[in-house]
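A.B. asks: First, the structure itself, so that you have it in front of you.
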Amino acid sequence: MTEKGFYLDTYAILAYLKGNKAYAKYFSARTLKTSVLNLMELYFVLLRDQGEKAAEDAFLAFGSYRTELTDPDVKEGMKLRLRLKAGGSNISYADATGYQISKSLGLRYLTGDEAFRSLPNVEFVR
């Protein structure tokens with residue numbers, strides 16, 4: 001595990017909340033970050049599946065890891081999304097931008113999303 005820390009993909013946060021033990025050790029890393037876009041996805045999934053209280057609680061808890069969304073990260077993230085889409089992977093705007101933010105911050109991108117398995121700087125966990 002890297003000393004620097006991890007960028008939390010929505011997949012990783014949801015897996016952790018569902019009790020996936022493989023993710024537990026990552027949530028004690030010194031640095032954890034995510035963006036408002038991943039928080040938005042998290043809120044939506046929990047609102048849909050578990051109701052407003054669960055969505056609010058998670059948004060509040062993981063909101064402390066929020067990092068800024070910069071214009072260069074948005075642009076590079078969308079370039080990545082376009083490249084991956086051309087290769088058959090339909091990743092979300094949030095995931096593409098999050099991956100770019102992780103690179104900008106020097107953090108590993110923590111996910112279990114198959115679309116990221118073979119990309120550099122990814123900590124793939126199932």
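A.B. asks: Just for helices (runs of 4 or more DSSP H) wholly inside region 21-108: which have at least 2 residues that are free of Cβ contacts under 8 Å to residues at least 12 places away in the same chain?
C.D. replies: Details: elements: 21-24, 36-50, 52-63, 71-86, 93-105.
By residue number, 21-24, 36-50, 52-63, 71-86.
A.B. asks: Identify, please: which residue in region 2-19 is in contact (Cβ under 8 Å) with a residue 60 or more places away in the chain, under 22 Å from Glu114 (Cα atoms) and part of a loop (DSSP other than H, G, I, E, B) and is, among those, farthest from the chain's Cα centre (by Cα)?
C.D. replies: The extreme case among them is Thr2.
All of the numbers you see were taken from the coordinates with simple rules; none came from a lab. Because the structure is predicted, anything quoted here is derived from the model rather than measured. A quick note on method: Cβ atoms are made from the backbone with ideal geometry, for glycine too, and the neighbour counts reach across all protein chains shown.
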